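Novice: Below are the structure tokens for one structure; questions will follow.
Just so it is clear, none of the values below were taken in a lab; they were calculated from the coordinates. Because the structure is a prediction, the values reported are computed rather than measured. Cβ coordinates were reconstructed from backbone atoms using ideal geometry, including for glycine residues, and neighbour counts include every protein chain displayed.
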Amino acid sequence: MVDGRHYTEWPDPVAALKRQGKLDDALRLLYRLCDAAEAESAAARQTLAPWYFEQAAIVERKLGNVEAEIVALERYAGSPWAKRAIFDDRLAKARALLARQPDHESHSVRDADEDGGNR
């Protein structure tokens with residue numbers, strides 16, 4: 001549940017926030033929905049709904065946060081309840097885009113997460 005509503009009741013409000021250009025608000029809501037989807041998926045031992053993670057990745061990209069886009073996609077892929085390989089193409093494209101950015105170091109986002117970002 002998110003704000004008293006099941007997480008599956010939120011796609012239209014998320015889409016409305018995106019249409020209104022309220023991307024930061026949409027993103028905050030999407031990450032709360034990701035949390036709720038993960039919790040229900042684990043409790044029910046069922047497939048994790050990918051839409052919320054994909055939308056978070058899309059918004060992160062629109063905001064120019066390619067590293068955060070990758071983290072959102074990897075978060076989904078790292079779940080034992082994820083549909084396998086669902087975002088492989090998008091993840092590969094995001095990683096390639098990040099590697100082409102002039103200020104990007106040669107380590108991966110996952111490497112930075114594992115050492116607390118201390119590079």
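Novice: Filter segment 3-22 down to the residues that are exposed (fewer than 15 other Cβ atoms within 10 Å of the Cβ) and under 15 Å from the mean Cα position of the chain (by Cα) and list them by number.
Specialist: PRO11, the sole residue that qualifies.
Novice: Could you give every pair whose Cβ atoms fall below 7 Å, whose first residue belongs to segment 78-90 and is under 11 Å from PRO50 (Cβ atoms), and whose second residue is among the polar types (S, T, N, Q) and in a loop (DSSP other than H, G, I, E, B), counting only separations of at least 6 or pairs across chains?
Specialist: TRP81/GLN46; TRP81/THR47; LYS83/THR47
Novice: Something else now. What helices (runs of 4 or more DSSP H) completely inside segment 29-102 contain at least 2 residues that are surrounded by fewer than 18 Cβ atoms within 10 Å (Cβ to Cβ) and more than 13 Å from the chain's Cα centre (by Cα)?
Specialist: Values: elements: 51-62, 66-77, 88-100.
Those helices (runs of 4 or more DSSP H) span 88-100.
Novice: Across segment 37-69, what is the total count of residues that are closer than 17 Å to ALA85 by Cα, in contact (Cβ under 8 Å) with a residue 40 or more places away in the chain and out of contact with any Cys (no Cβ under 7 Å at 6 or more places or on another chain)? Spell out the reasoning first.
Specialist: Taking segment 37-69 first, the residues closer than 17 Å to ALA85 by Cα are 46-55, 57, 69.
Still in the running and in contact (Cβ under 8 Å) with a residue 40 or more places away in the chain: 49, 51-52, 55.
Narrowing the set further to residues that are out of contact with any Cys (no Cβ under 7 Å at 6 or more places or on another chain) leaves 49, 51, 55.
Residues in segment 37-69 being closer than 17 Å to ALA85 by Cα, in contact (Cβ under 8 Å) with a residue 40 or more places away in the chain and out of contact with any Cys (no Cβ under 7 Å at 6 or more places or on another chain): 3 in total.
Novice: Scanning for something in contact with a Phe, Trp or Tyr (Cβ under 9 Å, 6 or more places away or on another chain), of a type outside the set (Val, Ile, Thr) and more than 18 Å from SER79 (Cβ to Cβ), does segment 33-56 turn up at least one residue?
Specialist: no
Novice: Is it fair to say ASP25 is over 14 Å from the mean Cα position of the chain (by Cα) and farther than 27 Å from LEU97 by Cα? It would help to see each step written out before you state the result.
Specialist: Numbers: over 14 Å from the mean Cα position of the chain (by Cα): yes; farther than 27 Å from LEU97 by Cα: no.
Against the criterion (over 14 Å from the mean Cα position of the chain (by Cα) and farther than 27 Å from LEU97 by Cα), ASP25 does not qualify.
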